[in-house]
Amino acid sequence: MSKGATHCGVSQSAASQHVQEVERRLGLALFDRSKRPLELTPAGKLYAEYCRDVLRREEELTLALESLKGAAGSTVRVASIYSIGLSEMSRLREEFAARYPEARLDVDYMRPEKVYDAVRNDTADLGLVSYPEPGREIAAIPWRHEEMQVALCPTHPLATRTELVPADLASQDFIGFDEDLSIRRELDRFLRAQGVEIKLILHFDNIQMIKEAVALGTGISILPARTMQTEIEQGRLVAVRLNAPGLSRPVGIVHRRRKKFNHAAQALLELLEERAKMAEAEPATILS
(Lines give C-alpha, C1' and ligand atoms only; values in the text may rest on other atoms or scores of the structure.)
Protein backbone atom coordinates (compact mmCIF):
# COMPACT_ATOMS: atom_id res chain seq x y z
CA MET A 1 0.00 0.00 0.00
CA SER A 2 2.85 2.34 0.87
CA LYS A 3 4.68 1.71 -2.43
CA GLY A 4 1.46 2.18 -4.39
CA ALA A 5 0.80 5.48 -2.64
CA THR A 6 4.35 6.69 -3.37
CA HIS A 7 4.04 5.69 -7.04
CA CYS A 8 0.77 7.63 -7.35
CA GLY A 9 2.12 10.65 -5.49
CA VAL A 10 -0.40 10.49 -2.63
CA SER A 11 -0.19 9.75 1.10
CA GLN A 12 -0.67 6.21 2.37
CA SER A 13 -3.85 7.23 4.19
CA ALA A 14 -5.27 8.73 0.98
CA ALA A 15 -4.47 5.50 -0.90
CA SER A 16 -6.15 3.42 1.80
CA GLN A 17 -9.24 5.62 1.69
CA HIS A 18 -9.39 5.29 -2.09
CA VAL A 19 -9.22 1.48 -1.86
CA GLN A 20 -11.96 1.48 0.76
CA GLU A 21 -14.12 3.67 -1.49
CA VAL A 22 -13.65 1.24 -4.40
CA GLU A 23 -14.54 -1.68 -2.11
CA ARG A 24 -17.66 0.15 -0.92
CA ARG A 25 -18.72 0.83 -4.50
CA LEU A 26 -18.13 -2.79 -5.57
CA GLY A 27 -19.59 -4.28 -2.42
CA LEU A 28 -16.61 -6.65 -2.10
CA ALA A 29 -13.26 -6.63 -0.28
CA LEU A 30 -10.21 -6.35 -2.54
CA PHE A 31 -7.63 -7.21 0.15
CA ASP A 32 -7.51 -9.93 2.77
CA ARG A 33 -6.45 -7.76 5.71
CA SER A 34 -6.09 -10.71 8.09
CA LYS A 35 -2.78 -11.62 6.42
CA ARG A 36 0.59 -9.87 6.42
CA PRO A 37 1.66 -8.83 3.92
CA LEU A 38 -1.76 -8.05 2.48
CA GLU A 39 -3.09 -10.47 -0.11
CA LEU A 40 -5.63 -9.92 -2.84
CA THR A 41 -9.00 -11.60 -2.49
CA PRO A 42 -10.49 -13.34 -5.56
CA ALA A 43 -12.39 -10.10 -6.25
CA GLY A 44 -9.15 -8.16 -5.83
CA LYS A 45 -7.33 -10.37 -8.34
CA LEU A 46 -10.16 -9.90 -10.84
CA TYR A 47 -10.17 -6.13 -10.32
CA ALA A 48 -6.35 -5.95 -10.60
CA GLU A 49 -6.42 -7.82 -13.92
CA TYR A 50 -9.13 -5.47 -15.17
CA CYS A 51 -6.97 -2.48 -14.23
CA ARG A 52 -3.95 -4.00 -15.99
CA ASP A 53 -6.05 -4.48 -19.11
CA VAL A 54 -7.17 -0.82 -18.98
CA LEU A 55 -3.54 0.33 -18.67
CA ARG A 56 -2.47 -1.91 -21.56
CA ARG A 57 -5.27 -0.51 -23.71
CA GLU A 58 -4.20 3.02 -22.82
CA GLU A 59 -0.63 2.13 -23.81
CA GLU A 60 -1.87 0.70 -27.12
CA LEU A 61 -3.85 3.90 -27.77
CA THR A 62 -0.80 6.06 -27.10
CA LEU A 63 1.32 3.98 -29.47
CA ALA A 64 -1.38 4.02 -32.15
CA LEU A 65 -1.64 7.81 -31.95
CA GLU A 66 2.14 8.09 -32.03
CA SER A 67 2.32 5.97 -35.19
CA LEU A 68 0.02 8.47 -36.88
CA LYS A 69 2.37 11.30 -35.92
CA GLY A 70 5.52 9.36 -36.75
CA ALA A 71 8.64 9.36 -34.59
CA ALA A 72 8.53 13.13 -34.04
CA GLY A 73 8.27 13.94 -30.37
CA SER A 74 8.78 10.31 -29.35
CA THR A 75 10.62 9.89 -26.03
CA VAL A 76 12.41 6.89 -24.51
CA ARG A 77 12.98 6.86 -20.75
CA VAL A 78 16.02 4.93 -19.52
CA ALA A 79 16.99 4.05 -15.96
CA SER A 80 20.63 3.04 -15.67
CA ILE A 81 23.05 2.03 -12.96
CA TYR A 82 25.80 4.62 -12.59
CA SER A 83 28.70 2.55 -13.95
CA ILE A 84 27.00 1.96 -17.30
CA GLY A 85 25.37 5.33 -17.71
CA LEU A 86 28.25 7.60 -16.76
CA SER A 87 30.79 5.76 -18.92
CA GLU A 88 28.67 5.39 -22.04
CA MET A 89 25.57 7.55 -22.14
CA SER A 90 27.23 10.66 -23.53
CA ARG A 91 28.43 8.76 -26.60
CA LEU A 92 25.17 6.86 -26.89
CA ARG A 93 23.15 10.05 -26.59
CA GLU A 94 25.15 11.68 -29.38
CA GLU A 95 24.71 8.72 -31.72
CA PHE A 96 21.02 8.41 -30.91
CA ALA A 97 20.47 12.14 -31.55
CA ALA A 98 22.34 11.94 -34.86
CA ARG A 99 20.21 9.04 -36.07
CA TYR A 100 16.88 10.17 -34.66
CA PRO A 101 17.03 13.98 -34.27
CA GLU A 102 13.31 14.30 -33.55
CA ALA A 103 13.29 11.64 -30.82
CA ARG A 104 14.27 12.28 -27.22
CA LEU A 105 16.38 10.22 -24.82
CA ASP A 106 15.85 10.79 -21.08
CA VAL A 107 18.26 9.02 -18.71
CA ASP A 108 18.16 8.74 -14.93
CA TYR A 109 21.01 7.19 -12.93
CA MET A 110 20.18 5.14 -9.85
CA ARG A 111 20.99 2.08 -7.73
CA PRO A 112 20.14 -1.34 -9.23
CA GLU A 113 17.02 -1.94 -7.13
CA LYS A 114 15.68 1.50 -8.13
CA VAL A 115 16.19 0.63 -11.81
CA TYR A 116 13.95 -2.42 -11.39
CA ASP A 117 11.38 -0.31 -9.52
CA ALA A 118 11.36 2.29 -12.31
CA VAL A 119 10.82 -0.37 -14.97
CA ARG A 120 8.20 -2.17 -12.91
CA ASN A 121 6.31 1.06 -12.19
CA ASP A 122 6.60 2.18 -15.84
CA THR A 123 8.51 5.36 -15.04
CA ALA A 124 11.23 3.95 -17.33
CA ASP A 125 10.83 2.14 -20.64
CA LEU A 126 14.20 0.39 -20.41
CA GLY A 127 16.68 -0.34 -17.64
CA LEU A 128 20.42 -0.98 -17.92
CA VAL A 129 21.77 -3.17 -15.14
CA SER A 130 24.57 -5.59 -14.35
CA TYR A 131 23.72 -9.18 -13.45
CA PRO A 132 20.19 -8.80 -14.90
CA GLU A 133 17.50 -10.81 -13.12
CA PRO A 134 14.24 -11.62 -14.94
CA GLY A 135 11.11 -12.05 -12.86
CA ARG A 136 7.36 -12.32 -13.02
CA GLU A 137 7.05 -8.68 -14.06
CA ILE A 138 10.51 -8.14 -15.53
CA ALA A 139 12.00 -9.42 -18.79
CA ALA A 140 15.78 -9.35 -19.25
CA ILE A 141 17.71 -9.15 -22.52
CA PRO A 142 21.39 -10.20 -22.34
CA TRP A 143 23.49 -7.37 -23.74
CA ARG A 144 27.20 -8.05 -23.21
CA HIS A 145 29.87 -9.43 -20.87
CA GLU A 146 32.49 -7.01 -19.55
CA GLU A 147 35.97 -8.27 -18.69
CA MET A 148 36.98 -7.68 -15.08
CA GLN A 149 40.52 -6.46 -14.41
CA VAL A 150 42.56 -5.50 -11.36
CA ALA A 151 42.42 -1.76 -10.66
CA LEU A 152 45.62 -0.29 -9.23
CA CYS A 153 47.17 3.05 -8.38
CA PRO A 154 50.05 3.69 -10.87
CA THR A 155 52.58 3.62 -7.99
CA HIS A 156 51.41 0.23 -6.65
CA PRO A 157 54.10 -2.53 -6.89
CA LEU A 158 51.76 -4.72 -8.97
CA ALA A 159 51.05 -1.92 -11.47
CA THR A 160 54.12 -2.80 -13.56
CA ARG A 161 52.87 -6.33 -14.24
CA THR A 162 51.22 -7.21 -17.56
CA GLU A 163 49.16 -9.99 -16.01
CA LEU A 164 48.21 -11.18 -12.55
CA VAL A 165 46.96 -14.46 -11.12
CA PRO A 166 44.41 -14.64 -8.29
CA ALA A 167 47.13 -15.64 -5.79
CA ASP A 168 48.79 -12.23 -6.35
CA LEU A 169 45.80 -10.61 -4.64
CA ALA A 170 46.17 -12.52 -1.38
CA SER A 171 46.43 -10.27 1.69
CA GLN A 172 46.28 -7.12 -0.41
CA ASP A 173 44.32 -4.15 0.94
CA PHE A 174 41.12 -4.44 -1.07
CA ILE A 175 38.32 -1.98 -1.82
CA GLY A 176 35.08 -3.75 -2.62
CA PHE A 177 31.36 -3.31 -3.10
CA ASP A 178 28.60 -3.22 -0.51
CA GLU A 179 27.34 -6.64 0.54
CA ASP A 180 23.84 -6.17 -0.92
CA LEU A 181 25.12 -5.80 -4.51
CA SER A 182 25.27 -8.70 -6.98
CA ILE A 183 28.80 -7.81 -8.10
CA ARG A 184 30.03 -8.16 -4.50
CA ARG A 185 28.49 -11.61 -4.16
CA GLU A 186 29.99 -12.74 -7.47
CA LEU A 187 33.48 -11.45 -6.59
CA ASP A 188 33.30 -13.08 -3.15
CA ARG A 189 32.32 -16.38 -4.82
CA PHE A 190 35.20 -16.07 -7.29
CA LEU A 191 37.80 -15.36 -4.62
CA ARG A 192 36.57 -18.26 -2.48
CA ALA A 193 36.78 -20.60 -5.47
CA GLN A 194 40.37 -19.45 -6.05
CA GLY A 195 41.25 -19.93 -2.40
CA VAL A 196 42.26 -16.29 -2.08
CA GLU A 197 41.73 -14.21 1.06
CA ILE A 198 41.88 -10.47 0.56
CA LYS A 199 41.91 -7.78 3.28
CA LEU A 200 38.73 -5.76 2.75
CA ILE A 201 39.36 -2.28 4.15
CA LEU A 202 36.63 -0.24 2.45
CA HIS A 203 33.44 -0.91 0.54
CA PHE A 204 31.15 1.36 -1.49
CA ASP A 205 27.87 1.07 -3.39
CA ASN A 206 29.22 2.39 -6.70
CA ILE A 207 32.22 2.01 -8.99
CA GLN A 208 33.08 5.71 -9.10
CA MET A 209 33.86 5.84 -5.37
CA ILE A 210 35.93 2.66 -5.61
CA LYS A 211 37.96 4.11 -8.50
CA GLU A 212 38.66 7.28 -6.51
CA ALA A 213 39.83 5.29 -3.48
CA VAL A 214 42.12 3.15 -5.65
CA ALA A 215 43.53 6.23 -7.43
CA LEU A 216 44.45 7.68 -4.01
CA GLY A 217 46.48 4.54 -3.26
CA THR A 218 44.16 3.27 -0.53
CA GLY A 219 44.03 -0.26 -1.94
CA ILE A 220 43.31 -2.34 -5.03
CA SER A 221 40.06 -3.61 -6.52
CA ILE A 222 38.56 -5.70 -9.31
CA LEU A 223 36.39 -3.71 -11.70
CA PRO A 224 34.95 -3.93 -15.22
CA ALA A 225 37.76 -2.82 -17.51
CA ARG A 226 35.66 -0.51 -19.66
CA THR A 227 34.58 1.54 -16.63
CA MET A 228 38.22 2.54 -16.00
CA GLN A 229 39.13 3.86 -19.46
CA THR A 230 38.88 7.55 -18.58
CA GLU A 231 41.05 7.23 -15.45
CA ILE A 232 43.60 5.15 -17.35
CA GLU A 233 43.87 7.81 -20.07
CA GLN A 234 44.34 10.43 -17.34
CA GLY A 235 47.13 8.37 -15.77
CA ARG A 236 45.23 8.00 -12.49
CA LEU A 237 44.63 4.24 -12.70
CA VAL A 238 46.29 1.15 -14.11
CA ALA A 239 44.23 -1.90 -15.09
CA VAL A 240 45.98 -5.27 -15.26
CA ARG A 241 44.39 -8.36 -16.76
CA LEU A 242 43.65 -11.15 -14.31
CA ASN A 243 44.47 -14.64 -15.57
CA ALA A 244 41.21 -16.18 -14.41
CA PRO A 245 38.87 -17.43 -17.15
CA GLY A 246 35.21 -16.71 -16.71
CA LEU A 247 35.51 -13.60 -14.56
CA SER A 248 33.27 -11.05 -16.26
CA ARG A 249 30.34 -8.78 -15.47
CA PRO A 250 27.16 -9.54 -17.43
CA VAL A 251 25.17 -6.47 -18.41
CA GLY A 252 21.60 -6.58 -19.63
CA ILE A 253 18.57 -4.57 -20.64
CA VAL A 254 15.44 -5.01 -18.54
CA HIS A 255 11.88 -3.97 -19.32
CA ARG A 256 8.38 -4.66 -18.08
CA ARG A 257 6.92 -7.84 -19.49
CA ARG A 258 4.42 -7.29 -22.31
CA LYS A 259 5.72 -3.73 -22.60
CA LYS A 260 4.79 -2.18 -25.94
CA PHE A 261 7.66 0.04 -27.07
CA ASN A 262 7.20 3.35 -28.84
CA HIS A 263 9.34 4.33 -31.84
CA ALA A 264 12.10 5.89 -29.72
CA ALA A 265 12.39 2.91 -27.36
CA GLN A 266 12.50 0.44 -30.25
CA ALA A 267 15.15 2.55 -32.00
CA LEU A 268 17.28 2.68 -28.84
CA LEU A 269 16.98 -1.09 -28.38
CA GLU A 270 18.25 -1.63 -31.91
CA LEU A 271 21.13 0.80 -31.33
CA LEU A 272 22.15 -0.96 -28.11
CA GLU A 273 22.10 -4.36 -29.81
CA GLU A 274 24.14 -2.96 -32.69
CA ARG A 275 26.78 -1.55 -30.33
CA ALA A 276 26.97 -4.89 -28.49
CA LYS A 277 27.68 -6.73 -31.75
CA MET A 278 30.36 -4.19 -32.65
CA ALA A 279 32.02 -4.66 -29.24
CA GLU A 280 32.07 -8.45 -29.72
CA ALA A 281 33.80 -8.02 -33.06
CA GLU A 282 36.57 -5.85 -31.59
CA PRO A 283 39.78 -7.64 -30.55
CA ALA A 284 40.35 -7.90 -26.80
CA THR A 285 42.88 -5.39 -25.45
CA ILE A 286 44.78 -5.03 -22.21
CA LEU A 287 44.11 -1.60 -20.79
CA SER A 288 47.23 -1.30 -18.68
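The values are calculated or read from the model by the stated rules, or taken from the named source; none is laboratory data. Nothing here was measured: the structure is a model prediction, and the numbers come from that model. Positions of Cβ are generated from backbone atoms using ideal geometry, with glycine treated the same way; all protein chains shown enter the neighbour counts. Areas reflect the complete protein model, heavy atoms only, side chains present, ligands, DNA and RNA absent. Shrake-Rupley method; radii C 1.70, N 1.55, O 1.52, S 1.80 Å.
Okay, here's what the table says:
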| read-out | value |
| --- | --- |
| Unit charges on C-beta of K, R, D, E only; dipole of the chain, Debye | 700 debye |
| Distant-in-sequence amide H partners of D205 (H built 1.01 Å from N, under 5 Å) | D178 |
| Anchor K211: lysines whose Cα lies under 23 Å away (excluding residues fewer than 8 positions away in-chain) | K114, K199 |
| F31 long-range amide H proximity, modeled H, under 5 Å | T41 |
| Alpha-carbon radius of gyration plus Dmax, which is the widest Cα pair, for segment 173-288 in Å | 17.0, 50 |
| Total charge dipole magnitude, segment 221-274, about the Cα centre, Cβ charges on Lys, Arg, Asp, Glu only, Debye to nearest 20 | 440 debye |
| Segment 69-216 - charge dipole about Cα centre, Lys and Arg +1 at Cβ, Asp and Glu -1, debye rounded to 20 | 260 debye |
| S16-E163 FRET efficiency (beta carbon distance; Förster radius 51 Å; 0.05 resolution) | 0.25 |
| Residue among I253, L38, A225 farthest towards the positive dipole end of the chain, charges placed on Cβ | L38 |
| Segment 85-144: Rg to Rh, with Rh as the Kirkwood radius over Cα pairs | 0.99 |
| Relative contact order %, the chain, counting alpha carbon pairs below 8 Å whose residues are six or more apart | 23 percent |
| Phi-based couplings in Hz for segment 180-189 (Karplus 6.51, -1.76, 1.60; Gly and Pro marked x) | 7, 9, 4, 5, 5, 4, 5, 5, 4, 5 |
| Theoretical gain in end-to-end length, C8 to Q194 [0.36 nm per residue, Cα-Cα removed] | 62.2 nm |
| Pairwise label distance in nanometres, A139 with R56, each label 7 Å out on the Cα-Cβ vector | 1.2 nm |
| Mean accessible surface per residue for segment 152-288, computed with a 1.4 Å probe while every protein chain stays in place, in Å² | 51 Å² |
| Phi to ³J(HN,Hα) by Karplus 6.51 cos²θ - 1.76 cosθ + 1.60 over segment 215-221, Hz, x for Gly, Pro | 4, 7, x, 6, x, 10, 7 |
